[in-house]
Structure formats: structure tokens, C-alpha cells
Amino acid sequence: MEDEYLFQLKEAELVKALVSRSIITRGESVTTTMDTAAATDVRDAFVKGIYGRMFIWIIDKINLALNKSPPDPRRTKKSIGVLDIFGFENFGTNR
């Protein structure tokens, strides 16, 4: 039950972070709600950041798995190169 409450609390915090912005001036915090276009831009940037971090994490895991053997100067290391050219650019409207 407590886990469900924490999940709902974190979900509410995420929603608030995606639809509002806070500005601190002279020690005072002012929070305003963004319009739909601005909130959409924030959402898209957030998802692109997640995608980018996941992509790097996956490539690091693959490279670690390929290079598990101890270093031997007589052997060449295996590696994988991945070029991500598809990504988020495949939308009717690019953002």
C-alpha cells in the first residue's frame, strides 16, 4: 500500500515538473503553468534525454560484454560500433 502511495506521489511530482516552471528571484519562488506548446516541448526534451542515456548505457553494456577477456597484446579486442541515425527524426513534425 505504501509503495502505491509513493508511486502516485512521484507521478504527481513528474506531472507538475512537466507542466509548470519555477523562477526564483530575490529569494522568492514564482511558479507558473506552461501552455500546451511549451509543455509539449518539455515532454519531448525529457524523452529525448531518456532515449540518449539509454542508448549510451546499452552500447556500454555491449562493449563490456565483448571485452571481458583479460588484455592480451597478441589479440585484438572485439568491439561494436552503432550509428543511430533513425532515432527521433522519424516524425511527421520534427522536434
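Order these by the 10 Å Cβ neighbour count, fewest first: Arg53, Arg26.
On the way: Arg53 10, Arg26 4.
Ranked by crowding around the Cβ, least crowded first: Arg26, Arg53.
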Worksheet, complete the sentence: Rounded to one decimal in nm, the spacing of the 7 Å Cα→Cβ label points at Leu18 and Thr40 is 1.4 nm
Worksheet entry | Ascending count of other beta-carbon atoms within 10 Å, so fewest first, for Lys48, Lys10 | Lys10, Lys48
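Quick one: if the Förster radius is 41 Å, what FRET efficiency do Ile59 and Ser29 give, using the C-beta to C-beta distance and rounding to 0.05? Mind dumping the intermediate values first?
Values: r = 39 Å, r/R0 = 0.96.
E between Ile59 and Ser29, to the nearest 0.05, is 0.55.
Read-outs: derived from the displayed coordinates by stated rules, not from any lab. These numbers come from a predicted model, not from an experiment. As a convention, Cβ positions derive from the backbone with ideal geometry for all residues, glycine included, and neighbour counts pool all protein chains shown.
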